[in-house]
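Computed from the coordinates by the stated procedures, all read-outs in this text should not be read as laboratory data. Please read these numbers as outputs of a predicted model, since none were measured by experiment. Positions of Cβ are backbone-derived with ideal geometry, glycine not excepted, and every protein chain shown enters the neighbour counts.
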Amino acid sequence: MARKTHKLNTMKHRKKVETKDSLERRSFVKITGLATGGLLTSSIPFHSMAQTGNVQKIKLAVVGCGGRGTGAVVQALTADPDVELVAMADAFKDRVETSLGAIQEHFEGTDRIAVKEKNLFYGFDAFKMAIDLADVVILATPPGFRPQHFEYAIEQDKHVFMEKPVATDPVGVRRVLETARLAKEKKLNVVVGLQRHYEKKYLRLYDQVRKGAIGKITSGQVYWNGEGVWVRPREAGQSEMEYQMRNWYYFNWLCGDHILEQHIHNIDVANWFLGEYPSSAQGMGGREVRKGKDHGEIFDHHFVEFTYPSGAVISSQCRHQKGCFNRVDEAFKGSDGSLIISKGIITDLGGSEKFNYAKIYDEKTDPNPYQVEHDRLFAAIRNKNELLTDAENGAKSTLAAIMGRMATYSGDIITWEQAMKSDLQLVKDDLDWASAPPTLPDAQGNYKVPVPGVTKYS
Ligand SMILES: NC(=O)c1ccc[n+]([C@@H]2O[C@H](COP(=O)([O-])OP(=O)(O)OC[C@H]3O[C@@H](n4cnc5c(N)ncnc54)[C@H](O)[C@@H]3O)[C@@H](O)[C@H]2O)c1
């Protein structure tokens with residue numbers, strides 16, 4: 001089991017931040033703990049699913065069989081003993097094979113994994129074939145494809161677990177918002193992988209803030225400062241499309257830059273705790289250290305000031321540079337006190353402690369939020385006791401982070417309305433292996449990097 005755990009953790013956390021912060025611990029999937037942590041059992045009453053009739057098994061498909069897709073399949077199968085994996089889809093055959101191997105290894109000695117070879121699909125259209133076969137789908141490709149995949153899944157009446165972010169451009173955000181409305185209308189559950197909403201410590205601290213423990217929030221700081229993530233260098237014989245699809249982190253149509261892809265978690269916590277979305281963003285950023293050809297077109301640092309309708313100002317910083325101060329965290333100041341989430345401590349204006357999470361709860365034994373997401377999803381599907389509707393917030397927090405990116409790329413102040421109405425569209429639906437990617441290198445193999453004051457994004 002130790003070997004299995006290591007393998008899945010490694011796959012899932014290629015982009016783990018090298019920080020001593022406790023968030024590092026949270027970002028690990030504790031596969032060993034999943035077997036015992038908060039599982040649904042067969043004692044939960046089964047009710048028929050509207051979409052599938054009186055079928056006790058829930059059919060699961062995964063689209064995007066990388067680190068996160070693989071981890072999410074394990075969590076879905078762990079959440080409910082009657083979930084069966086029926087289909088897998090990825091752009092690349094080798095990614096499906098590696099993922100299936102890891103899932104089989106995790107459930108070795110059981111009969112849980114019986115996905116048929118004919119239900120393993122590859123290529124840009126693979127998602128449709130996999131989604132068609134399932135009741136619930138996991139969408140875990142790079143975020144550029146999420147709006148198209150989410151729309152198709154909801155049109156086909158599927159429940160959805162989808163990873164954050166949910167788009168890389170405002171046109172995609174609006175499509176997800178429209179699809180979120182349709183999902184609600186159809187009573188389909190949607191969970192978005194902003195797992196802090198499913199994490200006990202965040203939930204307890206949020207309760208305190210709602211009860212007024214720090215008064216009205218006036219300012220805050222949110223951070224994702226780390227060393228950066230993997231690079232998948234260009235290989236001989238790759239087409240430009242294959243290269244960008246493999247090395248997706250560094251291309252905005254696929255990834256959206258790290259202010260969106262990772263820092264969305266912290267910007268989302270600010271939106272959640274404030275109970276509103278930013279009305280404007282202004283900031284600065286660039287690439288100082290990570291600027292090779294394989295680093296595509298994204299920045300390695302951003303610093304944004306988000307102003308909210310209530311007047312609160314949140315400073316947001318994210319950095320992908322080695323050898324610097326690292327922190328992944330959120331902190332808020334209010335009219336009656338302060339909160340630092342990593343510490344779990346609330347203090348009054350004089351600095352005296354009012355609440356200390358660690359004095360009440362043992363964080364080490366808290367349920368793994370990645371598992372809780374799936375426990376809640378499958379309980380909601382079976383029992384119909386709640387409808388999970390994360391997509392609207394997922395889309396709006398995605399837009400907030402995109403707004404930050406528009407501000408750092410352009411050097412302008414970007415308002416929520418400008419971002420929401422923007423025609424910026426980085427991804428089209430009809431891509432295939434013969435398509436030219438939306439961004440292309442120059443004759444020297446360099447990609448165009450945004451230049452503040454020159455790049456226009458509003
Ligand atoms: N919530 C979290 O803490 C968390 C952690 C890690 C990753 N994620 C999110 O999960 C998503 C995937 O990240 P990852 O780390 O698993 O990346 P990954 O590169 O390991 O996996 C992505 C997979 O999607 C496949 N893919 C790309 N385009 C596709 C398409 N059009 N159709 C089907 N498959 C396609 C790729 O080939 C790859 O196998 C990202 O959105 C990321 O932000 C979230």
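FRET efficiency for the Lys354 to Lys184 pair, using the beta carbon distance and R₀ = 41 Å, is estimated at 0.65. Relative to one another, the C-alpha centroids of region 338-386 and region 153-203 are positioned 22 Å apart.
Which percent, nearest 5, of DSSP beta bridges in the chain are antiparallel? All intermediate terms of the calculation are to be shown ahead of the outcome.
Details: 35 of 64 bridges.
So the antiparallel bridges amount to about 55 percent of the total.
Please list the equivalent ellipsoid semi-axes of region 149-209, computed as the square roots of five times the alpha-carbon gyration tensor eigenvalues, in descending order and whole angstrom.
Values: eigenvalues 125, 40, 21 Å².
Each semi-axis is the square root of five times an eigenvalue, giving 25, 14, 10 Å.
Could you work out the pair-distance distribution P(r) of region 53-108 from its alpha-carbon pairs, with 5 angstrom bin width and percents rounded to whole numbers? Each 5 Å bin holds this share of Cα pairs: 4, 20, 32, 24, 11, 6, 3, 0.
Evaluating 6.51 cos²θ - 1.76 cosθ + 1.60 at θ = phi - 60° for every residue in region 145-161, the Karplus couplings come out as 8, 4, x, 5, 5, 5, 4, 5, 4, 6, 4, 8, 6, 9, 6, 9, 10 Hz, glycine and proline recorded as x. For the chain, the spread of Cα coordinates along the three principal axes comes to 60, 57, 44 Å, biggest extent given first. Less than 5 angstrom separates the built amide H of Leu388 from those of Val190, all sequence-distant by 5 or more or on a different chain. If you bin all the Cα-Cα distances of region 387-458 at 10 Å, starting from zero, the percentages per bin are 16, 35, 34, 13, 2, 0. Taken over the Cα atoms of region 304-458, the convex hull encloses 255 Å³ per residue. Along region 418-430 the Karplus relation, 6.51 cos²θ - 1.76 cosθ + 1.60 evaluated at θ = phi - 60°, assigns HN-Hα couplings of 4, 5, 5, 8, 4, 8, 4, 9, 9, 10, 10, 6, 9 Hz to successive residues, with x for each Gly and Pro.
In terms of packing, defined here as the mean over residues of other Cβ atoms within 10 angstrom, the peptides 403-412, 213-222 line up highest first as 403-412, 213-222.
Using alpha-carbon pairs under 8 Å, 6+ residues apart, how would you state the relative contact order of region 201-352 in percent?
On the way: 284 pairs, mean separation 55.6, N = 152.
This gives 37 percent for region 201-352.
For region 436-447, 3J(HN,Hα) computed residue by residue from phi via the Karplus equation (6.51, -1.76, 1.60; θ = phi - 60°) reads 7, x, x, 10, 10, x, 7, 4, 8, x, 9, 9 Hz, glycine and proline entered as x. A helix-only calculation puts the chain at -10000 deg cm²/dmol for mean residue ellipticity at 222 nm, using -39500 (n - 2.57) for each DSSP H run of at least four residues, averaged over all residues.
From the gyration tensor of the Cα coordinates in region 91-247, what semi-axes in whole Å does the equivalent ellipsoid have, largest first, with each one equal to sqrt(5λ)?
Computed over region 91-247, the values are 32, 22, 19 Å.
Computed on region 331-370, with alpha-carbon pairs under 8 angstrom and 6+ residues apart, the relative contact order is 23 percent.
With all pairs of separate Cα atoms included, region 83-161 yields a Kirkwood hydrodynamic radius of 13.0 Å. Need one word for region 156-289: rounded, prolate or oblate. Basis is the Cα gyration tensor (sqrt eigenvalues a ≥ b ≥ c); a/c below 1.5 gives rounded, then a/b vs b/c decides. Oblate, since a/c reaches 1.5 and b/c is not below a/b. The listed peptides 437-446, 290-299, 67-76, ordered by packing as a protection proxy, come out as 67-76, 290-299, 437-446 (highest mean of other Cβ atoms within 10 Å first).
Taking all Cα pairs closer than 8 Å and separated by 6 or more residues, the relative contact order of the chain comes to 20 percent.
Kindly rank 305-317, 355-367, 389-401, 172-184 from highest to lowest mean number of other beta carbons found within 10 Å of each residue. Intermediate values should be presented prior to the final figure.
On the way: 305-317: 18.8, 355-367: 12.9, 389-401: 25.1, 172-184: 21.5.
Highest mean packing first, the order is 389-401, 172-184, 305-317, 355-367.
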